[in-house]
Amino acid sequence: MRLRNMRCYKWLTLLLFIFTLPLHAQQPPPSPTTKSSETSQVSTSENQTTVNIAKQEKPPINVSQSLEVVYGSSPWNTDSTKIDNAELFVRDANTGRVLKILLEETEPDSSTFSGNFSVNWSKDKEIKPEVYIPPEKIRGKEKSLKQFVTQIRDKKVSRKPIVFKKGKNGQQVLDVYDTKEQAQSAMAAYTEKLKQEEAQKNILAKPKEIVKKADVEAAALAAKQAKLAELAAMAASREEERIRKEQLERQRALERLRKQQELAEKEKQKRKALARQYAEEALVAYKEGNFIKAEELFKKSIELDPSDTSYYFRYGVSLYRNEKYDDALVILKIAQVDESTEIEKAYYMGLIHFRLKELQLALAQFSKVKNSKHEIMAPSAAFYEGVILYTDEKYEAAKPAFEFVIDTSKDPRLDEKAEEYLERIANALVFKHKQEHKHDFSFSLGATYDSNVLFSPDNQTDQGTATDSDGFRMLETMSYQYRAIYMREFEWTIDASQLYIYSLDSDLQVADPMLVSLKSPITWKGVWGQKGYKLTLKPGYETLFMDTDSSSTQTNPPSTNILSSILFDVDFTLIMRDNWFSNYILENRLDDSLDASSTGDDNADSTLTSIKTKQTFFMDQSKKKALQAGGGYTLNGAKGKNKKYNKILLNFSFTQPFEKWKNASWSTNLDIYYLDYNKASTDRTDTNYTIGYSFSKAQNKWFNWGTSLSYTTNNSTNSSNQYTRYSVLMTASFDIDEWIYSKE
């Protein structure tokens, strides 16, 4: 007895060791929602004094989370139609360690770059980051960059001012600036934003009365529409001002032309020559990305020779690059360009409207560029068109824009971001559909060949008794769900399901089960410890029908109720990082065995408790390629000693989509369990191994099919429980609700 207990203890120790190993990922955890922190800090190289509105000496940077570094740089933005990349260095003042951080432009032509790095290499509870930007002339030169790192360590390089804050999803963010004044202004703006957000939350947190869900949703929709209306009104006001500016600018141009005509011919030619010189120098600066110099020279050229308007377009782009958006729009409208430049002009005007949050004006320009099918600019314009439509919750209209990007873009990073938006749209449409359609009914049909059918009257299908008989079996499942409450942060549903397996061989029909279940899960979603979570309480009831007496008449489906179970499960998922989901399950069931053989030492009435975990690691941005590792422990406290057991299990799986087959994926799995009947009359311990492969294909939203193969070997100290088996299963599933919805 002691030997069996030691074996069980060793397996449990191994399981705990595996799942308490430190796991690190390089991406920060995006939480669905979070409260804004009131902690913000400015640190500068010019002034070593630290200003912190939370009255702390250091930025409260949690070393268990990743950190996002954000920096705005126009010189790094080398191409307005692509997503550029760059690099900077972060030094921990506590340890002296220096890291190179790779940054990527957030959108084409945004000039805002961000990168993430893990800070949990520090033994301290906090780190004190310093940020250094390499000079433009040494970018991409490894030897010079190594020297730059040495200078950082020797403290011969000035660090950049930084502002520590929390992002909108709760992630840790370091905003990097060029001057102390910029950082202080940014901190002041961030503090004011937090103040306004807190004031708004306080207003929303004090409802006068309990309102209906429909009223809450209507109020939220009205609030969003009011905000969009406010933005539209502001855009209209700015457009009105720009029209006035454009009028004045055209008047000034006419005045300059009039004065030019009054000049003597010699003076006029002299001015034109100087204007050409300025324009040529401006073009050089423009191509080098020095837009401040280009703006100054273009302006001088236009003032000297108002008759030459050929430089207006590049002058307008220079103003845009220098973030003088209203002035840039005025000049671009005035600029007369040929047909080949007209698309580029529309693209830049769209970018300016987008930066000013004038979304409808931006949409008109981007649609024009997309429809031109320009090889370079059309995909980028389509991306912005999709973003605007997505922001306006016009999901179906946004989908073709992002699909256009994927079909035409030659920038893989832009393709990746378009795919991310398509995934968001799919999720938003599913949520919207489930809110609007409260009923969901689906069923599936399948056929399987089993080389060794298992007899499982206790509903533990993976540890039944082998019949040593093979056969073909049919499978049918039905499920129904009623979504009583379905909101973003709370769900309550009623789920009913039925499973029936039918053996074509009548001798095997004693092992055919029909399982009927009724469950009512209640789900909460939110943020806990700066991490997104999902908590589900799942009470339920199950009943199992099997005609286990081979001497009596078999019915199809079986009519003898041999097991009834009361269930209560707790399912908790925590988003550790963007690419790591951690799931924990506590299963409780009270079994009432009604089988005639359930007496004495074989009494199967029991209280069963299981603790399980599953760790999912996503290996791509779309979260379709994943590695899963899990395990658990089960204690079955049956009344009969021959039915008592301890079970330890491990399982691993890998899932990946087929690259060239849309909506198709494959997976492989390895399941291992150790089973110990340590109270049984006859000594019995089992070690079970199962390997499997499965393939699935979604033909559309309401029909999918798949196939799976599995091989199992069960090694047991009791020879009657030793067996091997393999099975082949094919299924076809139909979602009736989706089918009706697609017809609508």
### Message
Under 5 Å between amide hydrogens, which residues at least 5 positions from Ala93 or on another chain qualify, with H placed 1.01 Å from N in the peptide plane?
### Response
Lys128, Glu130
### Query
Given the pairs Lys410/Lys624; Lys345/Lys624; Lys137/Lys333; Lys166/Lys623; Lys82/Lys534; Lys137/Lys357, which are separated by over 31 angstrom at their Cα positions?
Lys345/Lys624; Lys137/Lys333; Lys82/Lys534; Lys137/Lys357
### Summary
Within the under-10-Å Cβ sphere about Asp109, not counting Asp109, Lys/Arg +1 and Asp/Glu -1 give a net charge of -1
### Task
State whether segment 418-487 is rounded, prolate or oblate according to the following rule on the C-alpha gyration tensor (a ≥ b ≥ c being the square roots of its eigenvalues): a/c under 1.5 gives rounded; otherwise a/b larger than b/c gives prolate, and the remaining case gives oblate.
prolate
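May I ask which of Lys531/Lys614; Lys519/Lys644; Lys268/Lys324; Lys399/Lys438; Lys525/Lys614 have a Cα-Cα span longer than 28 Å here?
Numbers: Lys531/Lys614 17 Å; Lys519/Lys644 26 Å; Lys268/Lys324 31 Å; Lys399/Lys438 25 Å; Lys525/Lys614 18 Å.
Table pairs above 28 Å Cα-Cα are Lys268/Lys324.
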### Query
Quick one: if you stick a label point 7 Å off each Cα along the C-beta vector at Met474 and Ser552, how many nm between them?
2.4 nm
### Task
In whole Hz, with x marking every Gly and Pro, tabulate ³J(HN,Hα) for segment 414-427 from phi via Karplus 6.51 cos²θ - 1.76 cosθ + 1.60, θ = phi - 60°.
5, 4, 4, 5, 5, 5, 4, 5, 4, 5, 5, 4, 4, 5
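Residues with beta-carbon under 9 Å from that of Ser479, excluding Ser479: net charge, scoring Lys, Arg +1 and Asp, Glu -1? Please report the intermediate quantities before stating the final value.
On the way: positive: none; negative: Asp440, Asp495.
Spelling it out: positives minus negatives among the neighbours equals -2.
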### Amide proton proximity set for Ala638, modelled H, under 5 Å, gap of 5+
Thr607, Lys644, Tyr645
### Message
Take Tyr689 and Leu504, extend 7 Å from each Cα along the Cα→Cβ direction, and tell me the distance between the two endpoints in nm.
### Response
3.2 nm
#### Entry: Distance between segment 615-664 and segment 360-410 - C-alpha centres, whole angstrom
40 Å
### Query
Ordered by residue, what ³J(HN,Hα) values in Hz, to whole numbers, does segment 516-521 give under the Karplus form 6.51 cos²θ - 1.76 cosθ + 1.60, where θ = phi - 60° and Gly and Pro are x?
10, 9, 9, 10, 9, x
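Based on the Cβ-Cβ distance from Leu635 to Ile736, what FRET efficiency comes out when R0 is 41 Å, to the nearest 0.05? Numbers along the way, then the final one.
Details: r = 40 Å, r/R0 = 0.97.
It comes to 0.55.
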### Query
Given a Förster distance of 25 angstrom, what is the FRET efficiency for Phe703 paired with Lys623, based on the Cβ-Cβ distance and rounded to 0.05?
0.60
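For Ala264 and Leu594, calculate 0.36 nm times their separation in residues minus their Cα-Cα distance, and state this gained length in nm to one decimal. Don't skip to the answer; put the middle values down first.
Working: separation 330, 0.36 × 330 = 118.80 nm, distance 11.38 nm.
Full extension from Ala264 to Leu594 adds 107.4 nm.
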### Task
Tell me which residues come under 5 Å, amide H to amide H, from Leu594 once H is placed; ignore anything under 5 positions away on its chain.
Leu563, Ser564
## Note on the structure
Two pseudo-spin positions, 7 Å from Cα along C-beta at Lys195 and at Phe568, lie apart in nanometres by 5.0 nm
### Query
Extension gain Ser559-Leu518, at 0.36 nm per residue separation less the Cα-Cα distance, in nm?
12.9 nm
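Coordinate-derived values only; no laboratory data. Small disclaimer: the values here were computed from a predicted structure and weren't measured. Note: ideal-geometry Cβ built from the backbone for every residue, glycine included; neighbour counts use all protein chains shown.
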